[in-house]
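Below is one structure, written out as structure tokens, with a few remarks after it.
The values are calculated or read from the model by the stated rules, or taken from the named source; none is laboratory data. A quick note: this is a predicted structure, and the numbers were derived from the prediction, not measured. Positions of Cβ are generated from backbone atoms using ideal geometry, with glycine treated the same way; all protein chains shown enter the neighbour counts. Only protein heavy atoms, including side chains, enter the accessible area calculation; ligands, DNA and RNA are left aside. Shrake-Rupley method; radii C 1.70, N 1.55, O 1.52, S 1.80 Å.
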Amino acid sequence: MEYLPLLTLVAGSAAVAGFARRTPVPAPLLLVAVGLIVSYLPGVPAYGLDPHIVLPLLLPPLLYTAGVESSYLDLRANWRPVVLLSVGYVLFATLVVGYAVYLIVPGLPLTAALVLGAVIAPPDAVAATAIARRVGLPSRITTILQGESLVNDATAITAYKVALAAAVGEGASWAGGIGEFALAALGGVGVGLLLMVPLHWLRTHLKEALLQNTLSLLIPFVAYAAAEEVHASGVLAVVVVALYLGHRSWQVDFATRLQEAAVWKMVAFVLESAVFALIGLQLPVVLKGLGEYEGLTAAWYAVAVFVVVVVARFVWVYPATFIPRWLSKRIRERESNPGWTGPVIVGWAGMRGVVSLAIAFSIPEYLDDGAPFPGHNLVLFLTFTTVIGTLVVQGLTLPTLIKLLKVPGRDARAETLAEAQAQSEASRAAQERLDSLLAQESNTLPDALTDRLRAVLERRRNAVWERLGAVNAVTGESADDTYRRLAGEMIDAEREVFVRLRDERRIDDEMLRTLLRRLDLEEAAAYREE
């Protein structure tokens, strides 16, 4: 039963995440809280957070799903704030937090304190995206937070390697650190650029959706491993490949897109749930061996580091937001004034996560000369308390803060109007294509089928506009909603008949699967939503 703990973790975290969907509490926060409680129940095994598993096996698929769902065009339009946060802020936080810890903790060497600063510098990709989606942040803020979380891990991991080399006695200089950072960044981007085109070519030339989706599952691991093999940033390689493939996903056939969306949705759900549960389950591990730092001393250090982390983000965010506007007239003309509320949200949305813990667990226990790593267990403990503190305090209060600041969310009506206008323009093009095809003798169809093609096109054209119009006085549904519901009821009736015929042995199971798949595709085409 050696696999029982793993199965229990996956099943339990999925159940908690599913329950969280029925509550106002974001799933990451509930998973962490349950993990903290469960970690001290009798009989619960110790779940160690192995960095050799988290970084190469869990981080790539999580980054890939976030990258594919991100907008390359939006990120390009907001490249300045994304770079200032994902690179500038991470390096700033590494130095500020490291030096503050050096002053706060007596006897802790500056090199060890800078290791801690690098470890807890990057906000978490999964936490930021999950909570941003849940609270409905404005699209530009969401784009900036997503872009930051895609790149900042690469910056932090590189900064950590430089600080660790100095701490363990391998020696490190500013020039060497800058060189290593440049090599990791440029190398990671380079590997991503080399891989993205051939990988996309493979995706578009494989003829079976099953093979295409198998390739899709391998892509993030291939990109990460290839970059790490040449000592470049695997994180940046995955992000570059994901952004390119996501931007060109329309060139892949529909069957692959349907399957791929379902597969990656499931993978992301399982991994995100397990990751946040693992964070909570680390409590017994990080409390071991604190020694002289136990009790009120450790609590004081934890609170102080948490405050420094939060304040340092605001100290960076406000100048990074407004100084470029003051210095550049072009920026002022091109971008709307974010006001003071936008930076507040960005500053408060700096939750830390599993990457920080995974890096902390990779810190060696001994220096090159055989002496114990100074404050090893304290660094681990402070990383854990900072992760928990930011997830719980900032994650729980972020929705309330958005309401208090009256930050406008996404304009649903404006988005629906843009969707309707896009659909109308596409429908006109489809109508012209259909008319030209039907004019050819080789495309002659019975009138009934011709009318069906035109009716489907007309319904697609009108469906979005109807969401903007009046609703059914009895049900509160739009005409499109009623259409979906009635189409679903009809399909359910057909499905029941097919199952009954199978049970009566009038058709076999293979034929049943064929007929059910046909209905499934029709149901998907009707955009039925539960």
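Remark: pairs (first residue in segment 146-165, under 17 Å from Ile178 (Cα atoms); second residue among the aromatic types (Phe, Trp, Tyr); Cβ separation under 7 Å; 6+ apart in sequence or on different chains) = Thr158/Phe181.
In segment 263-288, what residues are in contact (Cβ under 8 Å) with a residue 60 or more places away in the chain, within 15 Å of the chain's Cα centre (by Cα) and open to solvent by 20 Å² or more (accessible area, probe 1.4 Å)?
If the condition is that a residue be in contact (Cβ under 8 Å) with a residue 60 or more places away in the chain, within 15 Å of the chain's Cα centre (by Cα) and open to solvent by 20 Å² or more (accessible area, probe 1.4 Å), then Trp264, Val267, Phe269, Val270, Leu271, Glu272 are the ones that fit.
Looking across segment 66-82, the residues that are under 18 Å from the mean Cα position of the chain (by Cα), aliphatic (A, V, I, L, M) and closer than 20 Å to Ala320 by Cβ come down to Leu75, Val82.
Looking only at residues that are open to solvent by 80 Å² or more (accessible area, probe 1.4 Å) and assigned to a helix (DSSP H, G or I) in segment 503-530, which one is modelled with the lowest pLDDT? It comes out as Glu522. Within the set Pro338, Pro374, Pro324, the sole residue that is part of a loop (DSSP other than H, G, I, E, B), farther than 18 Å from Ile157 by Cβ and modelled with pLDDT of 85 or more turns out to be Pro374.
Of all residues in segment 190-207, how many are surrounded by fewer than 19 Cβ atoms within 10 Å (Cβ to Cβ) and part of a helix (DSSP H, G or I)?
Taking segment 190-207 first, the residues surrounded by fewer than 19 Cβ atoms within 10 Å (Cβ to Cβ) are 190, 193-194, 197-198, 201-202, 204-207.
The next check asks that each one be part of a helix (DSSP H, G or I); those that pass are 190, 193-194, 197-198, 201-202, 204-205.
So the count comes out to 9.
From the list Leu258, Leu210, the lone residue that is modelled with pLDDT under 90, open to solvent by 40 Å² or more (accessible area, probe 1.4 Å) and either in contact with a Pro (Cβ under 7 Å, 6 or more places away or on another chain) or closer than 18 Å to Thr65 by Cβ (or both) is Leu258. Selection of helices (runs of 4 or more DSSP H) fully inside segment 110-185 by the criterion of at least 2 residues being open to solvent by 10 Å² or more (accessible area, probe 1.4 Å) and at pLDDT below 90 returns 125-135, 139-168.
Quick check on segment 348-367: of everything there that is of a type in the set (A, V, I, L, M, F, W, C) and not in a loop (DSSP other than H, G, I, E, B), which residue is nearest to Ala277 (Cα to Cα)?
So in segment 348-367, the residues of a type in the set (A, V, I, L, M, F, W, C) come out as 348-349, 351, 354-355, 357-361, 363, 367.
Next, only the ones that are not in a loop (DSSP other than H, G, I, E, B) stay: 348, 354-355, 357-361.
On the way: Trp348: 23, Val354: 10, Val355: 14, Leu357: 13, Ala358: 14, Ile359: 17, Ala360: 17, Phe361: 16 Å.
Step by step, filter segment 348-367, then rank; the result is Val354.
Can you find, within segment 26-66, the residue that is least open to solvent (accessible area, probe 1.4 Å) among those that are assigned to a loop (DSSP other than H, G, I, E, B) and aromatic (Phe, Trp, Tyr)?
Residues of segment 26-66 that are assigned to a loop (DSSP other than H, G, I, E, B), as a first pass: 26, 39-50.
From what is left, the residues that are aromatic (Phe, Trp, Tyr) are 40, 47.
Numbers: Tyr40: 129, Tyr47: 31 Å².
If we take residues in segment 26-66 being assigned to a loop (DSSP other than H, G, I, E, B) and aromatic (Phe, Trp, Tyr), then Tyr47 is least open to solvent (accessible area, probe 1.4 Å).
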